[in-house]
1. From zero outward in steps of 10 Å, how is the percent of C-alpha pairs of segment 85-133 spread across the bins?
2. Using a 7 Å offset from Cα along Cα-Cβ at E135, what residues in segment 90-108 end up with backbone N under 20 Å from the label point?
3. Long-range amide H contacts for G146: which residues qualify at under 5 Å (H placed 1.01 Å from N, peptide plane, sequence gap of 5 or more or a different chain)?
Amino acid sequence: MTERGPGIDGQSAKGAWSLIWVLPFSLLLTGACSARADLLPGPPTGGPPSAFNTCPSNSGERLIITVSNQGGKATKSTTTRVLFGPLPAVTLPTRPVLPRDSVSVSFRIPEACYQPDCEITVLVDWLNEVRESNEDNNQAKKVCSGPNPQPD
């Protein structure tokens, strides 16, 4: 085989073509070319997940959970699970979430949760229904103080 003359940076044309094929393949292997969803409980802040900013003060109230997608791909429907201390878990379907958007899911706080406090753990995409760029940020936990006793 004869050389066709210098290519990129004085390399042979054959060497230049090798670079053209290797670079895109290495980007594909590192995931730089793929966009995935990334669900997390709470608004996409870049910090630790916080599913909710305020705690409902009484049992029976609704807890509004924000499920955000900070990734570059829309999700399909998923399932969000909430643990209220030692009580049985509650799960609800979660609508699809567009890239860099969020949806809300509402849960009723069980009557027996506040004893005197209620530890709430939120797990988004808990059945791993969505292939995500980061599966480690799908959980948030918070302890909510019970209602203050009224003076006699």
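1. 18, 47, 26, 9
2. Hits in segment 90-108 for E135 at 20 Å: 94, 97.
3. Hits under the 5 Å cutoff: D117, C118.
No value in this document is a laboratory result; all are computed from the given coordinates. The model shown is predicted, which means the values in this text are computed figures rather than measured ones. We place every Cβ from the backbone using ideal geometry, glycine too, and count neighbours over all the protein chains shown.
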